[in-house]
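The values are calculated or read from the model by the stated rules, or taken from the named source; none is laboratory data. Just so you know, these numbers come straight off a predicted model, no measurement behind them. Cβ placement follows ideal geometry from the backbone for every residue including glycine, while neighbour counts extend to all protein chains displayed. Surface areas here come from the heavy atoms of the whole protein model, side chains and all, with no ligands, DNA or RNA. Shrake-Rupley method; radii C 1.70, N 1.55, O 1.52, S 1.80 Å.
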Amino acid sequence: MQGTVDGFSYGAVTPLVAYLMACLGGALGLRCTTRSLLVTHSRRPAWLALGSAAIGSGIWTMHFVAMMGFTIEEAPIHYDKPITYASLGLAIVMVGIGIFIVGYRGATGTPLFTGGTITGLGVASMHYLGMAGVRFHGRFTYNTLTVAASVVIAVVAATAALWAAGQVRGFLWSVGASLIMGLAVSGMHYTGMAALSVHLDGASHAAGGAPAASVLAPMLIGPLAFLLLAGVVVIFDPLMIMGRPDRASVEHKPGVPAAAVTAHADRRPAPHEGRRPASRAGHHGSRTPQNR
């Protein structure tokens, strides 16, 4: 028996809020990635880990905010909590791998392609594992070509977002990168949902069609709280907001070890360094009597 699906039970509210959550997680995570390029290697893993967790939490929150509007008219929906939380862990781990590659190898060439591909696959994997946690009297089937299109959308947009974040050119670049990341997550989600068909196991006697907001809302509290804390870190770090300081302009490409930039930026001129030509003249003058 074919089920009747409605992905917009609350109209445009859930897609809009879901997109904003994806942008929020992307903005925080990509700013942390940008920040990691401006610090020494010893501090870089902490920023990249925070960025991975922020993007992963944003992806997961976006997905389940959107799922609040998803209903099957003929059957009630429940969620398997272990699988649902496993999808959060998977998103953080896979996004983390992609971000660490870009954070250490740079947002260009092969590292960018590899990091963007893994990050995009993390977005897609989170979505389909999260859907595997949906419980109802039936099963999902997917259109293979549409699923492939959703994965391509995630990979391309995630790669573009990491490239923009790796430019380290200030706040506006990060805003643009976060909007692209939000597009990657939301576009992948709704393309994946378009590939979905529902097949019911006979007639259900339970009432269906009620959105799952009451079930999902408590599960979203933790990731939302984490995003709030990550936002506090970003707000109170001036370098995170402003991007690369001017004195670090000698670094021409992202991913260059920050220790070299730090050493250059912190170097202080030696006493009388600016008058070295004069001192040399004086030195030659002092040798004149010896050459008589």
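Restricting attention to region 104-143, the residues that are surrounded by fewer than 24 Cβ atoms within 10 Å (Cβ to Cβ), touching a Lys or Arg at 6+ places or on another chain (Cβ under 9 Å) and part of a loop (DSSP other than H, G, I, E, B) add up to 3.
Screening region 5-33 for residues that are polar (S, T, N, Q) and part of a helix (DSSP H, G or I) and picking the one that is nearest to Met188 (Cα to Cα) gives Thr14.
Considering (1) farther than 20 Å from Val185 by Cβ; (2) open to solvent by 10 Å² or more (accessible area, probe 1.4 Å), the lone condition that Ser36 does not fulfil carries the number (2).
Which count do you get for residues in region 144-179 that are over 30 Å from Glu73 (Cα atoms), open to solvent by 60 Å² or more (accessible area, probe 1.4 Å) and part of a helix (DSSP H, G or I)? The total comes to 7. Just one of the listed residues (Val156, Val151) is of a type in the set (A, V, I, L, M, F, W, C), in contact with a Leu (Cβ under 9 Å, 6 or more places away or on another chain) and within 25 Å of Leu50 (Cα to Cα), and it is Val151.
Take the conditions (1) under 19 Å from Leu20 (Cβ atoms); (2) modelled with pLDDT under 90; Ile153 misses just one of them, which is (2). Of all residues in region 56-93, those satisfying the criterion of being assigned to a helix (DSSP H, G or I) and either at pLDDT below 90 or open to solvent by 40 Å² or more (accessible area, probe 1.4 Å) (or both) are Lys81, Pro82, Ile83, Tyr85, Ala86, Leu90, Ile92, Val93.
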